[in-house]
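Note sheet for the following structure.
Coordinate-derived values only; no laboratory data. Since the model is a prediction, treat every value here as computed from it, not as a measurement. Positions of Cβ are generated from backbone atoms using ideal geometry, with glycine treated the same way; all protein chains shown enter the neighbour counts.
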Amino acid sequence: MISKIGVIGSGTMGNGIAQVASRAGFEVTLCDVSDAFLDKALATIGKSLQRDVEKDRLGEREKREIIERITPSVNLGDLARVDFIIEAVTEELLIKTELFKQADRIAEPGVILASNTSSISITKLASATSRPDRFIGMHFMNPVPVMKLVEIIRGAATSDETFAITRDLASKMGKTSVEVNDAPGFVSNRVLMPMINEAAFALYEGVASPKDIDDVMKMGMNHPMGPLELADFIGLDVCLAIMNVLYDGFDDSKYRPCPLLKKYVDAGWLGRKSGRGFYQY
Ligand code: CAA
């Protein structure tokens, strides 16, 4: 039975996952490299829960309890006591591989290791551990407390039991899951990123302004955000990295990243997080 969850990485995705897991009643150990990152994560969780307190969907006491069920830690060794581990650190293969090697050494043998990667091969990450059958992709969407979906990705060696336990966990966290086989970009980013990239090409070629491109998709297709606004929300560096995964993974020119996207990333215009992307913030 899973009652304690370890989350590695307390950034946007990690703190969202910790919040949702704790709200569902799980004890959460939230690991990161510094107390400053963890303090920021807990403040973000507090702010996110406060929205629900203000809307009378959560009591002050429940809010406190959700926060108290999250134990921040700068020591990966604390993962020895958890029943399931979800990694949500930066999208870099070497960093993730190194962390999974450590988690593999620390966690009990039966514990499942899950990665929230948005596009790195689950099969490749799993092969860095001694338990590829107990390794899986658990891809949450941003903002995690709001978005219903979790893409559950089976690596080449993921067992049926691992899949079933992970799907059950996602459901207990209040999420709807879809089953996906390991392939570049999975389903979410294989479909989403080419749309964002195409919107960048439309801008690059002077077809329309950013606002008009976004309005087409918002008002014409009922998307909550236009593709360029969404790219700024996700981070242009993340979008570019995912386009490169698709381009390399399929060896197909249809996934060529837009030069404008590359240029903005080179300029440090990464979207909302840097104050400038396709829009100014
Ligand atoms: N925590 C908790 N609740 C939040 C929140 C957060 N961080 N952000 C927004 N909300 C809640 C608000 O409280 C509000 O709740 P109610 O409607 O129940 O009152 C609701 O979400 C809507 O928020 P707002 O009114 O503030 O703003 P909005 O209507 O503009 O919605 C949005 C904001 C939910 C982000 C919406 O614009 C949206 O759905 N955008 C698209 C997001 C998307 O596509 N995400 C996927 C990105 S791709 C990805 O994550 C995967 C990848 O690998 C790149």
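Filter segment 148-164 down to the residues that are out of contact with any helix residue (DSSP H, G or I) (no Cβ under 9 Å at 6 or more places or on another chain) and either closer than 18 Å to Ile242 by Cβ or not charged (D, E, K, R) (or both) and list them by number.
Quick first cut of segment 148-164, residues out of contact with any helix residue (DSSP H, G or I) (no Cβ under 9 Å at 6 or more places or on another chain) only: 148, 160, 163-164.
Scanning segment 148-164 gives Phe163, Ala164.
Could you check how many residues of segment 15-53 are more than 11 Å from the ligand (Cβ to nearest atom) and within 17 Å of Asp83 (Cα to Cα)?
Total satisfying the criteria: 12.
Filter segment 118-151 down to the residues that are surrounded by 23 or more Cβ atoms within 10 Å (Cβ to Cβ) and in contact with a strand residue (DSSP E or B) (Cβ under 7 Å, 6 or more places away or on another chain) and list them by number.
Of everything in segment 118-151, those that are surrounded by 23 or more Cβ atoms within 10 Å (Cβ to Cβ) and in contact with a strand residue (DSSP E or B) (Cβ under 7 Å, 6 or more places away or on another chain) turn out to be Ser118, Ile122, Leu125, Ala126, Arg134, Phe135, Ile136, Gly137, Met138, His139, Phe140, Val150.
Step by step: first the residues of segment 172-192, then only those that are without any contact (Cβ under 8 Å) to a residue 60 or more places away in the chain and out of contact with any strand residue (DSSP E or B) (no Cβ under 7 Å at 6 or more places or on another chain), then the one that is nearest to Asp160 (Cα to Cα). Which residue is that?
Step one: of segment 172-192, the residues without any contact (Cβ under 8 Å) to a residue 60 or more places away in the chain are 176-181, 187, 190-192.
After this cut, where a residue has to be out of contact with any strand residue (DSSP E or B) (no Cβ under 7 Å at 6 or more places or on another chain) as well, the list is 190-192.
Working: Arg190: 24, Val191: 26, Leu192: 28 Å.
Top of the filtered list is Arg190.
If I ask for residues that are within 16 Å of the ligand (Cβ to nearest atom) and in a loop (DSSP other than H, G, I, E, B), which ones from segment 121-151 would you list?
Ser121, Met141, Asn142, Pro143, Val144, Pro145, Val146, Met147, Lys148
Within segment 152-168, restricting attention to residues that are closer than 15 Å to Phe140 by Cα and assigned to a helix (DSSP H, G or I), which residue is farthest from the chain's Cα centre (by Cα)?
So the first thing to find is which residues in segment 152-168 are closer than 15 Å to Phe140 by Cα, and the list is 152-154, 166-168.
Cutting the leftovers down to assigned to a helix (DSSP H, G or I) gives us 166-168.
Numbers: Thr166: 16, Arg167: 16, Asp168: 19 Å.
Here the answer is Asp168.
Considering only residues of segment 98-117 that are over 15 Å from Ile17 (Cβ atoms) and among the β-branched types (Val, Ile, Thr), which is surrounded by the most Cβ atoms within 10 Å (Cβ to Cβ)?
Selected residue: Val111.
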